[in-house]
């Protein structure tokens with residue numbers, strides 16, 4: 001039986017630390033501020049934005065939410081981003097993805113001031129992560145590293161396998177594990193004999209968006225399994241990319257879905273915003 005990594009509990013502990021640091025900053029006259037922009041009516045995005053606002057309230061941040069109509073033009077969205085870049089009350093800017101198809105995600109992200117890019121998607125911040133001299137880390141991969149650290153799981157010297165190569169999770173996750181002295185393999189849709197590779201992993205991180213894709217026969221006995229996936233089954237229940245029922249008996253540690261990686265993502269967004277606010281004092 002695996003040890004269950006309780007993301008809710010760890011996120012709560014980290015948020016308590018953030019709230020304490022926020023209170024100390026407020027005594028210096030600085031209240032961390034986060035602006036979230038959402039374009040259109042995507043239901044999942046609206047839930048995420050609501051949770052981000054709630055997270056800000058919990059730790060004592062100032063927050064602003066901009067809900068723009070679906071037909072918003074690129075010029076209008078860029079004008080808002082540039083206005084927020086120059087707003088001293090705002091330390092972090094987040095544009096909720098995905099954007100409507102007529103808007104170019106890349107153009108919008110590259111126009112966010114890198115010092116306020118609390119998603120860490122700007123190419124300057126991506127480059128800093130690559131060389132290990134970063135201000136911010138992408139929220140989900142950063143959350144995974146905190147889960148490992150606070151669960152007492154050593155990365156150094158371990159065989160680490162990341163399944164998925166997205167710019168948001170897979171690639172930065174591999175870099176963070178590498179910076180922690182893991183030996184890292186990235187798998188993707190063209191990987192041959194995927195199960196053979198995943199069975200080598202001491203630490204397996206799965207982020208591919210396919211429900212219950214990783215099964216028990218693909219996992220080494222005693223592996224640490226981190227499930228980043230969030231999928232909805234036909235019966236409406238949430239499930240990850242890992243088939244929990246067959247993998248949990250073989251793993252030494254495993255994250256559940258929900259309640260594993262998910263709570264850490266917004267928590268690390270708050271952490272990045274706090275960092276931006278602290279840097280603004282200097």
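No value in this document is a laboratory result; all are computed from the given coordinates. Predicted model, so just to flag it, every value in this text is computed and none were measured. Virtual Cβ from ideal backbone geometry, glycine too; neighbours counted across all protein chains shown.
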Taking a ≥ b ≥ c as the square roots of the eigenvalues of the Cα gyration tensor of segment 29-114, is the shape rounded (a/c under 1.5), prolate (a/b larger than b/c) or oblate? oblate
For residue 58 and residue 24, compute 0.36 nm times the residue count separating them, minus their Cα-Cα distance, and round to one decimal in nm. 10.7 nm
What ranking, highest mean first, results for peptides 71-79, 142-150 when packing means the other Cβ atoms within 10 Å averaged over each residue? 142-150, 71-79
Once every DSSP H run of n ≥ 4 in the chain is given -39500 (n - 2.57) and the sum is divided by its residues, what mean residue ellipticity at 222 nm do you get, rounded to the nearest 500 deg cm²/dmol? -12500 deg cm²/dmol
Two pseudo-spin positions, 7 Å from Cα along C-beta at residue 217 and at residue 31, lie apart in nanometres by 5.8 nm
Which whole-number percent of Cα pairs in segment 197-282 have a distance greater than 17 Å? 51 percent
Viscosity 1.567 mPa s, temperature 4 °C, Stokes-Einstein D of the chain from Kirkwood C-alpha radius, µm²/s: 66 µm²/s
If you stretched the chain out fully between residue 281 and residue 104, how much longer would it get, using 0.36 nm times the residue separation minus the C-alpha to C-alpha distance? 60.4 nm
Would you mind telling me which residue in 34, 103, 84 has the biggest mean-square fluctuation in a Gaussian network model of the chain, where springs connect alpha carbons within a distance under 10 angstrom? 103
Within segment 30-73: backbone nitrogen closer than 17 Å to the residue 97 label point (7 Å, Cα to C-beta): 36-40, 42, 44-46, 48-49
At a Förster distance of 51 Å, what's the computed FRET efficiency of residue 192 paired with residue 50, Cβ-Cβ distance as r, to 0.05? 0.75
Using the basic label-point model (7 angstrom from Cα toward the beta carbon), what is the residue 200 to residue 133 distance in nanometres? 3.2 nm
Segment 139-261: C-alpha gyration tensor shape, a/c 1.5 cut-off, then a/b vs b/c: rounded
Tilt, helix 262-281 to longest principal axis of the chain (alpha-carbon atoms), in degrees rounded to tens, equals 40 degrees
Among 195, 24, 44, residue whose mean-square fluctuation peaks in a GNM of the chain (springs only between Cα atoms under 10 Å): 44
For segment 83-97 versus segment 29-70, the gap between their alpha-carbon centres in whole angstrom: 11 Å
Please check: in the Gaussian network model of the chain (C-alpha springs, under 10 Å), which one of 140, 183, 255 has the largest mean-square fluctuation. 183
